[in-house]
Structure formats: structure tokens, C-alpha cells
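Take a look at the structure below.
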Amino acid sequence: MHALTTGRKLILGGVEIPFHLGLDGWSDADVVVHAVMDALLGAAALGDIGSHFPPGNESYKNISSLLLLSEVKEKLEKAGWRTGNVDVMVSAERPKLKDYLPQMTQNIARELGISTGDVSLKAGTNEGMGFVGEGQGMAAQAVAIVERLDNNP
């Protein structure tokens, strides 16, 4: 989850979305890509994004989360894993995200070296309830399947 704030671009799935608010965070605060990274690292038992890309580290200040996703792919491969597929649900009251989902899917698939058919991306609202529903922030959840590389049983 990330809070919405003024003075930042809204980046989701590597797509800049026109909106008067952006997400607050150390990097570009892309909750969609962050959820994917955490799901992949968790599925391979490699920790979480905070341990690999700690906030406060100047080299990650305002960095594109797609670049970090590419690094996660490399970390997986070094540990003997590859991405099988990912499933992501992003929750945002506004703006409507439906028209941006295909480009987000393409961006994620490209960085992971998988087919767009192996990336499921959905968007929904919280029906006006809670942090997301009141328009204070956005959240994303993801699950991933990782597969052992052939040379690393």
C-alpha cells in the first residue's frame, strides 16, 4: 500500500497515469510492480523488496520500479528460479484503471521475460470503504508461481 500525495506522478505497472495525485514512496511507489516483486521474492524464499532495495538508499530514490523488477528477475535466476506466472489485483477508488491494464501487463511481462498470457492483472475499488475506498491511497496484492531452472534441481 502507498498513500496518495500531491507533487508526484502516478505510476502503476510502469505506466504514467494522468491524475492529480501520485503515490508516496522512496522509489516511484508503483504498488502494482511492488506487489509483483514481493510475490516473486516470497515464492522463491528470497525475502522481500525492503531487504533488497531498502528505503533511504539514495540509489533507489525515485527509481523506476520496472528497473527493480528486472533486478528481481536476475536475483531469481541467480538463485535457480524463473517466473512461471503472476496474478495481480490493484485496488484504487480513482482513477479508473481499465484502459491502462493492457500496457501494465505488457510492461510486467517484458521485464520478467514471460508471455503477457502469464500475467493476470485486475483492478477494482473498495466500494468507498477504508484507506483505499476513501481515496487516501492504493493497494495491490499479487501471487506468483516460480519454477526451478533446468540446471538447478
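In the set (1) more than 14 Å from ALA35 (Cβ to Cβ); (2) modelled with pLDDT of 95 or more; (3) not in a strand (DSSP E or B), ARG82 fails one condition alone, (3).
Annotation note: Cβ proximity below 8 Å between a residue of region 79-103 that is more than 22 Å from GLY128 (Cα to Cα) and a residue that is among the acidic types (Asp, Glu) (sequence gap 6+ or interchain) occurs for TRP81/GLU147; ARG82/GLU147; THR83/ASP118; THR83/GLU147; GLY84/ASP118; GLY84/GLU147; ASN85/ASP118; VAL86/ASP118.
Residues are listed down the side, and each one gets a yes or a no for (1) on the phi > 0 side of the Ramachandran plot; (2) not small (Gly, Ala, Ser):
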| residue | (1), (2) |
| --- | --- |
| LEU68 | no, yes |
| GLU71 | no, yes |
| ALA79 | no, no |
| THR83 | no, yes |
| GLN103 | no, yes |
| GLY113 | yes, no |
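I'd like to verify a number: residues in region 94-133 that are over 16 Å from HIS2 (Cα atoms) and either touching a Cys at 6+ places or on another chain (Cβ under 7 Å) or assigned to a helix (DSSP H, G or I) (or both), how many? Adding up the residues that qualify gives 18.
The lone criterion from (1) surrounded by fewer than 18 Cβ atoms within 10 Å (Cβ to Cβ); (2) within 16 Å of VAL31 (Cα to Cα) left unmet by ALA142 is number (1).
Going by what's in this entry, would LYS98 be described as out of contact with any Ser or Thr (no Cβ under 9 Å at 6 or more places or on another chain) and either at pLDDT 95 or above or not acidic (Asp, Glu) (or both)? Answer is yes for this residue. Taking the criterion of being buried (at least 22 other Cβ atoms within 10 Å of the Cβ) and under 12 Å from the mean Cα position of the chain (by Cα), the residues of region 2-13 that qualify are ILE11, LEU12, GLY13.
The values are calculated or read from the model by the stated rules, or taken from the named source; none is laboratory data. The model shown is predicted, which means the values in this text are computed figures rather than measured ones. We place every Cβ from the backbone using ideal geometry, glycine too, and count neighbours over all the protein chains shown.
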